[in-house]
Amino acid sequence: MADESGGAKRPAAGISVVLPCLDEAATVEACVSKALRGISRSGRPGEVVVVDNGSTDGSDHAAKQAGARVVREPTPGYGAALRRGFAAARHDVVVMADADDTYDLEDLAAVAAPLADGADLVIANRFANIRAGAMPWLHRWVGVPAINALLRTVYGVRVSDSQSGYRAMRRRALDQLDLRSDGMELASEMLIKARRRRLRVAEVPSSYSVRRGESKLRSLRDGWRHLRLILLLAPSLVFLAPGVCLLALGLLTFAAAFALGGAIQVGGLRWQPVFAGPIFVVLGANALGMWLVGQERLARRGIARRHAAWLPKKRRLDAALAGGGLVALIGLCIDLFLFVVWVASPSIPVLAPQLAALAQTLIIVGANAVLLGLLGASSDI
Ligand SMILES: Nc1nc2c(ncn2[C@@H]2O[C@H](COP(=O)(O)OP(=O)(O)OP(=O)(O)O)[C@@H](O)[C@H]2O)c(=O)[nH]1
Ligand SMILES: [Mg+2]
């Protein structure tokens, strides 16, 4: 952001409260009034920004009447609305909450307080005081604990209420987060990126009241969007772990195919390991290649560690071409050997199926390494 004189624009030293709002005519006015009282109690200047996505019940008018600045966001969704609100906010401290009167906005100074002690992001923990009937059983005992546990296991995020929509942060932290989600999964994205960028996250006890008006949260759709985001930002989980397992399984299967020389008899079933080995090895090697590419993409955006840092960028394509080419060449040589032996003698040599499977596997894995190297290099340009 630059001002008219060309210098960096400094945010004002007050509080911006951002409220995404979609058809909340019953409550938005009360929320804006409470937020303005909360700002005034904090003793600092401030503003309330309501982000509307085409409400049809007059929410925008009600918000304006109550003293909010209303901005509009064409892309539908909670995350899109919040990101628009963050961009429009003029103050250094940004507080986000809902426009459904479930959060105690008069107490916003308490939520923002840890920022003065060095926190970058503060989460208001609704579980400290949930009013009867404020949160459906499924969300309270299944949805939120499941997302908490996933975030803790996959990313080491340790918060009691990962889905709280009442949060405070500084402008600098918001810029570092570089948020991109359009939907409710923005709540998880914020925590994952805060953790990856080593921001300090604090929690304060808060409360959660019964909502008036219709909830915009759809448990299945939004639950899936959270899960998808958690997986997509974790290439080690999606690619590395399955890749290592498949590769190990493939190598074991190949070893069994060579050692046994034929089928394995399990009860009345006969199993030919020679057919399974190539499938496991090719899938495993592909997953590992995709892990490298995915990890590099996230590292470029500052959200993952660079695992291929030991190999300078300009050497990576050469390494992929040389390594992949060599592996494919070994496969071709085995094929050539089998062809020569077959031409020389009319009978099929011992272990020929195993050797042929190994040859095709090496050709595919080598060629894929070359292709992945080209893909990685082209995305660097
Ligand atoms: N502008 C805008 N606001 C939205 C959109 N979806 C949800 N919101 C607002 O975002 C806030 C959070 O949505 P809620 O429906 O309260 O979701 P929730 O708090 O997880 O669920 P409840 O506990 O049922 O309230 C509310 O103020 C909504 O009006 C959207 O697409 N656009
Ligand atoms: Mg709500």
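Assorted remarks:
- A count restricted to the range 101-135 and to residues that are within 12 Å of ligand 1 (Cβ to nearest atom), buried (at least 19 other Cβ atoms within 10 Å of the Cβ), assigned to a loop (DSSP other than H, G, I, E, B) and not aliphatic (A, V, I, L, M) stands at 3.
- Considering the conditions (1) away from ligand 1 (no atom under 13 Å from the Cβ); (2) under 23 Å from ARG228 (Cβ atoms), SER162 is excluded by exactly one of them, (1).
- Set side by side, the residues VAL159, VAL201 differ, and just one is away from ligand 2 (no atom under 16 Å from the Cβ), of a type in the set (Val, Ile, Thr) and under 23 Å from ARG90 (Cα atoms), which is VAL201.
- Flag if ARG297 is modelled with pLDDT under 95, part of a helix (DSSP H, G or I), over 30 Å from ASP175 (Cα atoms) and out of contact with any strand residue (DSSP E or B) (no Cβ under 6 Å at 6 or more places or on another chain): no
Residue by residue, here is whether (1) within 29 Å of ASN53 (Cβ to Cβ); (2) outside the structural domain of VAL51 (by TED's automatic domain parsing); (3) not in a loop (DSSP other than H, G, I, E, B) holds:
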| residue | (1), (2), (3) |
| --- | --- |
| LYS193 | yes, no, yes |
| GLY213 | yes, no, no |
| ASP222 | yes, no, yes |
| ALA241 | no, yes, yes |
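- Restricting the range 18-48 to residues that are hydrophobic (A, V, I, L, M, F, W, C) and in contact with a Phe, Trp or Tyr (Cβ under 9 Å, 6 or more places away or on another chain) leaves a set whose member that is surrounded by the most Cβ atoms within 10 Å (Cβ to Cβ) is CYS31.
- Against the conditions (1) touching a strand residue (DSSP E or B) at 6+ places or on another chain (Cβ under 7 Å); (2) within 15 Å of ligand 1 (Cβ to nearest atom); (3) not in a loop (DSSP other than H, G, I, E, B), SER55 satisfies every one except (3).
- Pairs, first within 21 Å of ALA116 (Cβ to Cβ) in the range 194-209, second hydroxyl-bearing (Ser, Thr, Tyr) and modelled with pLDDT under 95, C-beta under 7 Å, six or more apart: none
- The range 77-96, subset buried (at least 21 other Cβ atoms within 10 Å of the Cβ), closer than 11 Å to SER16 by Cα and among the small types (Gly, Ala, Ser), residue nearest to ligand 2 (Cβ to nearest atom): GLY85
Yes/no matrix, rows are residues, columns are (1) touching a Gly at 6+ places or on another chain (Cβ under 9 Å); (2) hydrophobic (A, V, I, L, M, F, W, C); (3) surrounded by fewer than 19 Cβ atoms within 10 Å (Cβ to Cβ); (4) under 30 Å from ASP100 (Cβ atoms):
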position: SER209; (1), (2), (3), (4): no, no, yes, yes
position: GLU214; (1), (2), (3), (4): no, no, yes, yes
position: ARG218; (1), (2), (3), (4): no, no, yes, yes
position: GLY223; (1), (2), (3), (4): yes, no, no, yes
position: LEU227; (1), (2), (3), (4): no, yes, yes, yes
position: LEU233; (1), (2), (3), (4): no, yes, no, yes
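- The single residue among ARG172, ARG152, ARG158, ARG140 that is surrounded by fewer than 21 Cβ atoms within 10 Å (Cβ to Cβ), touching a Lys or Arg at 6+ places or on another chain (Cβ under 7 Å), in a helix (DSSP H, G or I) and in the same structural domain as ARG228 (by TED's automatic domain parsing) turns out to be ARG152.
- Residue pairs meeting the criteria (Cβ under 6 Å; at least 6 apart or on separate chains; first hydroxyl-bearing (Ser, Thr, Tyr), in the range 152-179; second assigned to a helix (DSSP H, G or I)): TYR155/ILE192; TYR155/ARG195; SER160/PHE127; SER162/ILE147; SER162/ASN148; SER162/LEU151; SER162/LEU191; SER164/ARG126
- Taking the listed residues VAL18, VAL50, VAL93, the one that is outside any loop (DSSP other than H, G, I, E, B), in contact with a Cys (Cβ under 8 Å, 6 or more places away or on another chain) and closer than 23 Å to ALA113 by Cα is VAL50, with no other qualifying.
The values are calculated or read from the model by the stated rules, or taken from the named source; none is laboratory data. Values in this document were obtained by computation on a predicted structure and should not be read as measured data. Virtual Cβ from ideal backbone geometry, glycine too; neighbours counted across all protein chains shown.
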